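Asks: Structure provided below as structure tokens; questions to follow.
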Amino acid sequence: MWLEIMTVPFIVIVVLFFLFWIVHEGSRWQKHRFLGGFARFVQASPKRNFLTFFILFVLLIPSALLIMTGMWWDSLGTTIGPQRTDVVIVMLLMFLVLAFAFPVMYSSLGTWRNARRAEAEMRVRPTGM
């Protein structure tokens, strides 16, 4: 029972991350019937793009720990007790999801840094020569 309850936040965060990842590039998504709101939100600025992915990335860690906690509580009620293999499988799943999420988050950081650098160069250089 606890495993199913604790799995809900993890699935919600993964689905949100996946939706934002689908629409983070390309203006054609802004007019989509269902995904348009996600696209307009994440494409508003490079800073918002990075912060969205960063917050979802950070939230994946405690939600995965909730899954392990739920699995532990469920196994305490059984006759055989907790098994290490179950927790290891959940940890491996968490690392797999984080391995997918990290490059997306890190590339959005690079986009934000390049946008800030270009913005700073435009302020320093005089426009008329």
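The values are calculated or read from the model by the stated rules, or taken from the named source; none is laboratory data. All values derive from a computational prediction rather than experimental measurement. All Cβ positions, even for glycine, are placed from backbone atoms using ideal geometry, and neighbour counts span all protein chains on display. The area values use the complete protein model at the heavy-atom level, side chains included, leaving out ligands, DNA and RNA. Shrake-Rupley method; radii C 1.70, N 1.55, O 1.52, S 1.80 Å.
Asks: Heavy-atom accessible area of S45 with all protein chains present, probe 1.4 Å, nearest 10 Å²?
Replies: 40 Å²
Asks: Which of V104, L59, A44 sits farthest toward the positive end of the charge dipole of the chain, with +1 on the Cβ of Lys and Arg and -1 on the Cβ of Asp and Glu?
Replies: A44
Asks: Using only helices, what value at 222 nm comes out for the chain when you add -39,500 (n - 2.57) per DSSP H run of length 4 or more and divide by the total residues, to the nearest 500 deg cm²/dmol?
Replies: Values: 4 runs with 101 residues, N = 129.
The helix-only estimate for the chain comes to -28000 deg cm²/dmol at 222 nm.
Asks: Determine the share of the chain's accessible area contributed by carbon and sulfur atoms, expressed in whole percent, with a 1.4 angstrom probe.
Replies: Values: 6230 of 8950 Å².
Reported share for carbon and sulfur atoms: 70 percent.
Asks: Not counting ligands, DNA or RNA, and with a 1.4 Å probe, what is E25's accessible surface area in Å² rounded to the nearest 10?
Replies: That residue has around 130 Å² of solvent-accessible surface.
Asks: Based on the Cβ-Cβ distance from R40 to R117, what FRET efficiency comes out when R0 is 25 Å, to the nearest 0.05? Numbers along the way, then the final one.
Replies: Working: r = 25 Å, r/R0 = 1.00.
Calculated transfer efficiency: 0.50.
Asks: Have a look at I55, I89, I67 and tell me which one the Gaussian network model of the chain (Cα, springs below 10 Å) gives the largest fluctuation.
Replies: The residue with the greatest mean-square fluctuation here is I89.
Asks: Evaluate 2.2 N^0.38 Å with N set to the residue count of the chain, then give the Cα radius of gyration divided by it. Kindly include the intermediate steps, with their values, before the conclusion.
Replies: Values: Rg = 20.0 Å, N = 129, 2.2 N^0.38 = 13.9 Å.
The value comes to 1.44.
Asks: Among F38, F17, F50, which one moves the most in a GNM of the chain with springs linking Cα atoms closer than 10 Å?
Replies: F38
Asks: May I ask for the angle, rounded to the nearest 10°, between helix 2-23 and the longest principal axis of the chain, with both axes built from Cα atoms and the value confined to 0 to 90°?
Replies: On a 0 to 90 degree scale, this one is about 20.
Asks: Separate question: Taking θ = phi - 60°, what integer Hz values does the Karplus form 6.51 cos²θ - 1.76 cosθ + 1.60 yield along the stretch 29-46, in sequence order, with x for Gly and Pro?
Replies: Running phi through 6.51 cos²θ - 1.76 cosθ + 1.60 with θ = phi - 60° gives 6, 5, 9, 5, 5, 9, 8, x, x, 5, 5, 5, 5, 7, 8, 5, 7, x Hz.
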